[in-house]
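Working notes for the structure below.
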Amino acid sequence: MKKLLFILFLLSFIISCNCKKDEVVKIGYIGELDMSIWEYVSNEMKEKNIILELIQFSDYSIINKALNSGHIDLNHFQNYAYFVNATNKNDYYLSIIDKTFIASMNMYSKNLTNLSQLQLNSKIAIPKDEVNLSRALKILESIGLLKLTKKDNINYNFTTNDIRENYLKLEFVDVEADDVYSVVSFVDAAFVNLNLNFDFKDSNILYYDDPSKYDSDMYINLIAARLEDEDNSLYKTIAEAYKKRIKEVVESGKLEGIIINY
């Protein structure tokens with residue numbers, strides 16, 4: 001009888017071990033580049049019984065909302081300035097798990113091959129959201145095409161109303177970041193975020209962004225979680241794995257001109 005009980009206990013122990021569920025973490029991201037990085041990290045995490053459920057978004061405006069509401073556990077698509085603006089504006093309870101890299105916001109064109117080809121009244125597509133619009137204007141000022149009104153607040157988001165001098169009388173076409181594809185053929189140049197500029201590799205780069213010429217620290221990308229998870233060790237492990245992989249890819253030379261600092 002004792003032997004039978006021991007066998008039953010042993011069987012129940014084995015079954016309970018085999019039925020142990022893997023931990024599942026839902027991650028939101030945007031763009032081809034992040035998809036390739038997260039897929040690599042996902043395969044690595046499987047060896048640790050951690051399943052990453054990768055959820056691709058195309059709309060910048062809803063990915064933080066999805067995180068705040070619990071539909072996903074982590075996201076990686078935004079820089080620090082965008083994160084601060086979004087959390088304050090929408091009362092999101094989010095936290096930064098880790099910082100990753102500074103990404104470029106290059107100027108692309110399908111119609112021009114050099115900045116010198118920009119003429120009077122050239123049309124430039126710029127992001128519609130406050131943070132990336134401000135960054136695009138700062139880049140144009142750093143190139144010497146604009147003069148902006150000086151502001152003491154480093155976190156101030158410039159708008160077209162802050163343009164003091166527009167030397168070529170550039171015309172601005174403001175679009176949602178993910179709608180650049182719909183206008184890039186009809187404008188002279190367009191500013192493209194990291195999450196999309198990897199898809200623009202066949203287009204001409206008129207200007208390689210150099211964040212050192214403006215407030216670069218504001219534009220470091222980050223992995224975000226809900227505030228209640230800011231000390232989650234599993235999430236920090238995932239973030240470290242992401243950073244390790246992105247470093248490997250950058251050092252291979254595959255992302256030259258796209259990721260600037262990491």
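The values are calculated or read from the model by the stated rules, or taken from the named source; none is laboratory data. Everything numeric in this text was worked out from a predicted model, so none of it was measured. Glycine gets a Cβ as well: all are built from the backbone with ideal geometry, and neighbour counts include every protein chain shown.
Can you name the condition, by its number, that LEU148 falls short on among (1) closer than 20 Å to TYR219 by Cβ; (2) in contact (Cβ under 8 Å) with a residue 40 or more places away in the chain? Condition (2) is where LEU148 drops out.
Filter region 144-163 down to the residues that are buried (at least 16 other Cβ atoms within 10 Å of the Cβ) and closer than 22 Å to ILE102 by Cα, then identify the one that is modelled with the lowest pLDDT. Quick ask: steps written out before the conclusion?
Step one: list which residues in region 144-163 are buried (at least 16 other Cβ atoms within 10 Å of the Cβ), which gives 145-146, 148, 157-158, 162-163.
Now narrow it down to the ones that are closer than 22 Å to ILE102 by Cα: 157-158.
Details: ASN157: 92, PHE158: 95.
Among those that are buried (at least 16 other Cβ atoms within 10 Å of the Cβ) and closer than 22 Å to ILE102 by Cα, it is ASN157.
Go through region 60-109 and give me each residue that's among the aliphatic types (A, V, I, L, M) and within 28 Å of SER182 (Cβ to Cβ). Within region 60-109, ILE62, ILE63, ALA66, LEU67, ILE72, ALA81, ALA86, ILE102, ALA103, MET105, MET107 qualify.
Of a type in the set (A, V, I, L, M) and modelled with pLDDT of 95 or more: does that describe LEU120?
Yes.
Of THR87, THR100, all but one fail to be outside any strand (DSSP E or B), touching a helix residue (DSSP H, G or I) at 6+ places or on another chain (Cβ under 8 Å) and modelled with pLDDT of 95 or more; the exception is THR87. For the criterion of being over 15 Å from the mean Cα position of the chain (by Cα), modelled with pLDDT of 95 or more, part of a helix (DSSP H, G or I) and over 22 Å from LYS128 (Cβ atoms), GLU240 passes.
The lone criterion from (1) under 21 Å from ASP178 (Cα atoms); (2) not in a loop (DSSP other than H, G, I, E, B) left unmet by GLU44 is number (1). The set of residues in region 60-74 that are under 20 Å from LYS128 (Cβ atoms) and either touching a helix residue (DSSP H, G or I) at 6+ places or on another chain (Cβ under 6 Å) or buried (at least 22 other Cβ atoms within 10 Å of the Cβ) (or both) comprises TYR60, ILE63, ASN64. The sole residue among GLU171, GLU130 that is farther than 24 Å from ASN204 by Cα and surrounded by 13 or more Cβ atoms within 10 Å (Cβ to Cβ) is GLU130. Under the condition of being assigned to a loop (DSSP other than H, G, I, E, B), touching a residue at least 40 places away in the same chain (Cβ under 8 Å) and over 27 Å from ASN90 (Cβ atoms), the residues counted in region 111-145 number 9.
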